[in-house]
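Asker: Here it is, the structure in full.
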Amino acid sequence: MEYWEWYSLNDSLLCFIIPPLLFLLIIHWRSNSGRHGHRLPPGPPGWPIFGNMFQVGAMPHKTLTHLSHKYGPVMWLKLGAKNTMVIQSTKAATMFFKQHDLSFADRTVYEVSRVYGYHKGSLALSPYGSHWRVMRRLLTVDMLVNHRINDTASIRRKCADDLQSWIEEEASSSSRGVEVARLVFLMTFNVFGNVVLSRDLVGPKSEEGMEFFRAVHGLMEWSGHANMADYFPWLKWLDLQGLKRKMKRDLGKALEIVSKFVKERMKERKMEGAEHQKNGGNFLDVVLELMEGSGSDEPPEISDHNLNIFILEIFMAGSETTSSTIEWALTELLCNPEVLMKAKSELNQVIGRNRKIEESHIDNLPYLQCVIKETLRLHPPLPFLVPRKAMHDTVFSGYSIPKNTQVFVNVYAIGRDPDVWSDPVSFKPERFIGSKIDYKGQHYELIPFGAGRRMCAGVPLGHRMLHLTLGLLLHQFDWEFDGSITRETMDWNERLGMTMRKHEPLLAVPKKC
C-alpha cells in the first residue's frame with residue numbers, strides 16, 4: 001500500500017474513532033464525578049472507559065471471590081458503562097434478600113436476550129410486573145405443585161430407564177469412557193419433552209428432535225459469552241462478535257420447532273373430547289386450558305410467541321442445570337472414593353440390590369441428599385445467579401446504589417464463605433448430616449437456585465431429578481476413571497456458558513453392578 005493510501009485510510013479511521021472515544025471519556029468523567037456526595041461500595045480502581053473489565057478475567061466468579069478478601073463482602077465494579085454491585089458473603093446475601101428483595105426485583109437483560117423479544121416472554125428475564133406474575137403462577141400453582149409432579153413420576157422413571165440403557169449401550173460399544181453429562185442432558189430433555197409435550201424428543205443416535213436439541217445447545221452457548229454490546233451499548237448496532245446474529249439463527253430455529261409442537265397439540269385437542277382434555281395430560285394442555293378460560297373467570301393473556309418462549313425456557317433451564325450438577329457430583333465422587341462407597345452403601349441398604357430407585361426413596365436417602373447439597377455448594381450451576389437490577393436509587397448496607405445498577409450475587413463465593421463453612425474448599429457431604437440447611441431459598445449460605453421473589457421456580461422438580469438421576473447412576477453402575485484420567489490429573493477447570501460446566505467433559509467407565 002502506498003504511503004498516501006495508508007495515511008488516508010488511517011486518517012479516516014481516526015475521524016471515525018476519535019469522536020466516540022471523546023464521548024466515552026466525557027461519560028466516564030461524568031459518571032465518576034457523580035460519586036462525590038454518594039458513598040458507593042469499595043472496589044478495585046479501574047481503567048478509563050473500560051473500568052474493571054480487564055480485571056475480572058475469564059473466570060469472574062473466582063476473581064471476584066479473591067478480591068473480596070481485600071474489598072469486603074459488598075463490592076463495586078464498573079464494567080464499561082455498566083454499574084455493578086457484587087454480593088459475596090452469607091451475611092450480605094441475607095440482608096439483600098430479606099430487606100431489599102423488592103428494590104432489586106428487576107433483571108439485567110443482556111443484548112442477545114433481546115433477540116425476537118425473548119426477554120419479554122421469559123420468566124427468568126421478564127420485568128417485575130404483571131406478565132412475570134402470570135408466568136410465575138403457571139409454574140408454581142399450575143405445573144410444579146406436588147400432585148402434578150407426582151402424576152409425572154412414571155415419566156421420569158421411564159426416562160431414567162432409557163438413560164441406563166444408553167449408558168450400557170455406549171459402554172459395550174466403546175473402549176472409552178462415557179460422556180455422562182451429554183447422556184444426562186438428553187435424558188432430561190426427554191423428561192421435559194414428555195412433561196410439556198407428551199413426547200420423547202431425542203435419543204443418543206436418533207436425528208428425530210436433534211435439530212431442536214442443537215438449536216437449544218447453541219442458545220446456551222451464545223448466552224454465556226461476554227458481549228461488548230452489554231458494556232458499551234452504543235456499539236450494539238455493530239454486533240462486533242456476531243453473537244446477536246448467531247442467537248437469531250438458533251433462537252429462530254428453536255422457536256419455529258416449538259411453535260410446530262404447540263400447533264400440533266392444539267389440533268389434537270380439537271379432535272379429542274372435552275372429558276379427555278379435562279386436567280390435561282401435559283403442561284401445554286394446562287396452559288392452553290387456562291388461556292381458553294377453562295375454569296377461570298380471567299384467563300391469562302399470553303401471546304403465542306411468549307408461550308413458545310416460555311416452553312423453550314423450561315427445556316433450557318431444566319436440562320442444563322441438571323446435567324451440569326450431575327457431572328460435577330460424579331466427578332467429586334470419583335475423586336473421593338470413600339464418599340462414593342458411603343453413598344452406594346446407603347442405596348443398597350435402603351433400596352436393595354435388585355430393585356430400582358424410585359422418587360419415593362429420596363426422603364430415606366439422607367447421605368445422597370448431603371452429596372447433592374455439597375455438590376451445589378461447591379459447583380453452583382449459575383455462579384452469579386441471574387443478575388438482578390436496582391429498580392430505583394437504594395441504600396444498601398450503608399451504600400448508595402444508583403437505579404439500574406446490575407447486581408451479581410456470587411453464590412460461588414458464598415458457598416466458600418469461611419465465616420460459615422469449615423474447610424470450605426473440601427468436598428465433605430458429612431457437613432450436612434443433622435443440619436437443617438437446604439437449597440430452597442431460606443438458608444442464605446446455600447442458594448444455588450437463588451432466593452426471594454425471583455428464585456428459580458423449578459426447584460421442586462429439580463430436587464427430584466437430581467436425586468433420581470444420581471441415585472440411578474450410583475445404584476446401577478460401578479464407576480471408574482477413563483484410562484486417560486487419574487485423580488491427580490483430573491481437570492478441574494470450568495467453562496462458563498449458561499451454567500458452570502467442566503471445561504473438559506467427564507469421561508467415566510461404567511460397570512454394571
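Bear in mind these aren't lab numbers, they're just calculated from the coordinates by the rules spelled out. Since we're looking at a predicted model, the values are computed, not measured. Here the Cβ is made from the backbone with ideal geometry for all residues, glycine too, and neighbour counts use every protein chain on show.
Asker: Going by average Cβ neighbours within 10 Å, how do the peptides 141-150, 368-377, 75-84 rank, with the highest at the top? Present the calculation step by step, with values, prior to reporting the outcome.
Answerer: Working: 141-150: 13.8, 368-377: 23.2, 75-84: 21.2.
Put in order of decreasing packing, that is 368-377, 75-84, 141-150.
Asker: Give the residue list of GluC sites (Glu not before Pro) in the range 301-339 that are DSSP loop and have at most 11 other beta-carbon atoms within 10 angstrom. Mind showing how you got there, number by number?
Answerer: Numbers: sites: 301, 313, 320, 327, 332, 338; in loops: 301.
Those that pass, being in a loop and sparsely packed, are 301.
Asker: Counting only residues 5 or more places away or on other chains, whose amide H sits under 5 Å from the amide H of residue 178 once H atoms are built in the peptide plane?
Answerer: Correct list: 508, 509.
Asker: If neighbour count is taken as other Cβ atoms inside 10 Å, put 188, 486 in order from fewest to most.
Answerer: Values: 188 24, 486 10.
Final ranking by Cβ density, sparse to dense: 486, 188.
Asker: Quote the charge dipole size of the range 309-447 about the Cα centre in Debye, to the nearest 20; the model charges only the Cβ of Lys and Arg (+1) and of Asp and Glu (-1). If you can, show how the numbers build up before the last one.
Answerer: Numbers: 15 positive and 17 negative charges, 19 e Å.
The dipole of the range 309-447 has a size of about 100 debye.
Asker: Can you give the FRET efficiency to the nearest 0.05 for residue 266 and residue 426, using r as the Cβ-Cβ distance and R₀ = 41 Å?
Answerer: Working: r = 53 Å, r/R0 = 1.29.
Efficiency, rounded to the nearest 0.05: 0.20.
Asker: In whole Hz and in residue order, list the ³J(HN,Hα) couplings for the range 255-265 that follow from phi through the Karplus curve 6.51 cos²θ - 1.76 cosθ + 1.60, θ = phi - 60°; x for Gly and Pro.
Answerer: Using θ = phi - 60°, the values come out as 5, 4, 6, 4, 4, 5, 4, 5, 5, 4, 5 Hz.
Asker: Got a sec to turn the phi values of the range 432-448 into Karplus ³J(HN,Hα) couplings, 6.51 cos²θ - 1.76 cosθ + 1.60 with θ = phi - 60°, whole Hz, x for Gly and Pro?
Answerer: These are the phi-based 3J(HN,Hα) values: 9, 5, x, 8, 8, 5, 9, 10, 9, x, 9, 10, 7, 7, 9, 10, x Hz.
Asker: Give a residue-ordered list of calculated ³J(HN,Hα) values for the range 72-86 (Karplus: 6.51 cos²θ - 1.76 cosθ + 1.60, θ = phi - 60°; whole Hz; x for Gly, Pro).
Answerer: x, x, 10, 10, 10, 10, 10, 9, x, 8, 9, 6, 9, 10, 10
Asker: If amide H atoms are built 1.01 Å from N in the plane of the peptide, which residues on other chains or at least 5 residues away come under 5 Å of the amide H of residue 388?
Answerer: 108, 407, 409
Asker: Further question: Show me the trypsin sites (Lys or Arg not before Pro) within the range 154-208 that DSSP assigns to loop and that have at most 15 other Cβ atoms within 10 Å of their Cβ. Please list the in-between numbers first.
Answerer: On the way: sites: 156, 157, 158, 176, 182, 199, 205; in loops: 176, 199, 205.
Sites meeting the loop and neighbour criteria: 176, 199, 205.
Asker: What percent does the relative contact order of the chain come to when contacts are Cα pairs within less than 8 Å and at least six residues apart? Please list the in-between numbers first.
Answerer: Details: 711 pairs, mean separation 114.3, N = 513.
Result for the chain is 22 percent.
Asker: Quick check: the angle from helix 180-197's long axis to the longest principal axis of the chain, C-alpha only, nearest 10 degrees?
Answerer: For helix 180-197, the angle is close to 80 degrees.
Asker: Filter the cross-link list 246/403; 82/403; 78/248; 70/502 down to pairs whose alpha-carbon distance in this structure exceeds 20 Å.
Answerer: 246/403; 78/248; 70/502
Asker: Would you mind checking which residues have amide H under 5 Å from residue 40's amide H? H placed 1.01 Å from N; only 5 or more apart, or other chain.
Answerer: 400
Asker: Test of understanding: what is the full-extension gain from residue 141 to residue 161, defined as 0.36 nm times their sequence separation minus their Cα-Cα distance?
Answerer: Computed gain between residue 141 and residue 161 is 4.3 nm.
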